[in-house]
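Read through the structure below, which is laid out as structure tokens, and then see the notes.
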Amino acid sequence: MYATAFKVLEILEKSDKPVPSSDISTELSISSSAVWKHINELRMIGYDIVASDDEGYMLDKSNMDFRPHVVYKHLKTKVIGRRMRYFDSIPSTIWYGKDLADQGELDDLHGLVIIAEEQTGGYGRMGRAWVSPSGGIWITIVLTPKIPIDHLFMLTLAGAVSVARVLRKMFDIGALIKWPNDIIIGDKKVAGILLELGAEGEQVKYCLVSLGIDANISIDKLNEPIKHLITSISEEVNHDIDRAALLAAFLKEFEARYDMITLGEYDAVIREWKTFSSTIGRRVRINTLRNSFEGEAVDIDPSGALVVRKDNGKIEKVIAGDCVHI
């Protein structure tokens, strides 16, 4: 979608001074109005480009390693991620996604990926704050799925499976999934998935799949209450990783599973989730809004609920709640 805009971007990247519109027009064989159009496209997705009538266009080259054109170079998807919007800082990518979906043409938004270098108001399940400093991967994918409402939870499973697969493939890290939506290394969280719906009655208008990965995050710089609970990829491999390549790989894996879900291949995704599960077979403590209990996690059912055999032998299915491995 941004092929010509990214060619304009490449010209600006190579220059340490403003580039006249006429030079861009001549090099790409496009009109001056087309140059202006593509400059605005680049600004819309997050690039800071200064314009001067006398001198031309100049690009702010700070924090370029995770911009859309870098991700795009690695991208191998058909739809998801073919359009992106980038922010150096934003309260929450999911809030921005909600605003876009509530105001825009939904068909035009399907597959859009919103990227932030940092979030100042990121949150996870049950509205809990999610620390989202620079160096992580903080994204929201906007989808308009044709999936039965009782199977939309599969998008969370697909996201978790995709993260676990990519971390194993790219970094040889034994990533596992902790029910319901955490990706862990050892006993520490490295990523999380959040699914939110926009609906009118029983009609789902859109889904927002948000992903947070602690990629190049220094754990020592985090606050004491959480630093012992999480890890980052860079901490695990002892060097900073290529976030653009990781994000592109995740989007490819996620799109493959999204396609499976739209075709009704639910069992295949559930089987993969179980393969990576760190929860099934573990003794757990479940905390819900109504009660707390302990038992053994024995399965997840076709609705995504965690099946727990309680200490009294009774089976309980947990649709929503906190799961603590004990």
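The values are calculated or read from the model by the stated rules, or taken from the named source; none is laboratory data. Everything quoted here is computed from the prediction, not taken from an experiment. Neighbour counts run over all protein chains shown; Cβ positions are idealised from the backbone, glycine included. All accessible areas refer to the heavy atoms of the entire protein, side chains included, with ligands and DNA or RNA removed. Shrake-Rupley method; radii C 1.70, N 1.55, O 1.52, S 1.80 Å.
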Worksheet item: Within segment 210-246, which residues are part of a helix (DSSP H, G or I) and either crowded, with 16+ Cβ neighbours inside 10 Å or hydrophobic (A, V, I, L, M, F, W, C) (or both)?
Response: I219, I226, I233, S234, E235, E236, V237, R243, A244, A245, L246
Practice prompt. Any chance you could count how many residues in segment 33-52 are under 12 Å from H69 (Cα atoms) and either among the hydrophobic types (A, V, I, L, M, F, W, C) or exposed (fewer than 13 other Cβ atoms within 10 Å of the Cβ) (or both)?
Written response: 2
Discussion item. When you check R282 against the structure, is it over 26 Å from the mean Cα position of the chain (by Cα) and either under 19 Å from L143 (Cβ atoms) or in contact (Cβ under 8 Å) with a residue 40 or more places away in the chain (or both), yes or no?
Written reply: yes
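For K73, indicate whether it is open to solvent by 20 Å² or more (accessible area, probe 1.4 Å) and touching a residue at least 60 places away in the same chain (Cβ under 8 Å). Steps first, please.
Numbers: open to solvent by 20 Å² or more (accessible area, probe 1.4 Å): yes; touching a residue at least 60 places away in the same chain (Cβ under 8 Å): yes.
Judged against the criteria, K73 is a match.
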Discussion item. For segment 9-23, which positions are touching a residue at least 40 places away in the same chain (Cβ under 8 Å), of a type outside the set (D, E, K, R) and either open to solvent by less than 20 Å² (accessible area, probe 1.4 Å) or not in a loop (DSSP other than H, G, I, E, B) (or both)?
Written reply: L9, L12
Worksheet item: Which residue out of I230, I184 is among the β-branched types (V, I, T), within 24 Å of T279 (Cα to Cα) and modelled with pLDDT under 95?
Response: I230
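On the basis of being within 19 Å of K274 (Cβ to Cβ), at pLDDT 95 or above and under 15 Å from the mean Cα position of the chain (by Cα), does I137 make the cut?
Working: within 19 Å of K274 (Cβ to Cβ): no; at pLDDT 95 or above: yes; under 15 Å from the mean Cα position of the chain (by Cα): yes.
Answer is no for this residue.
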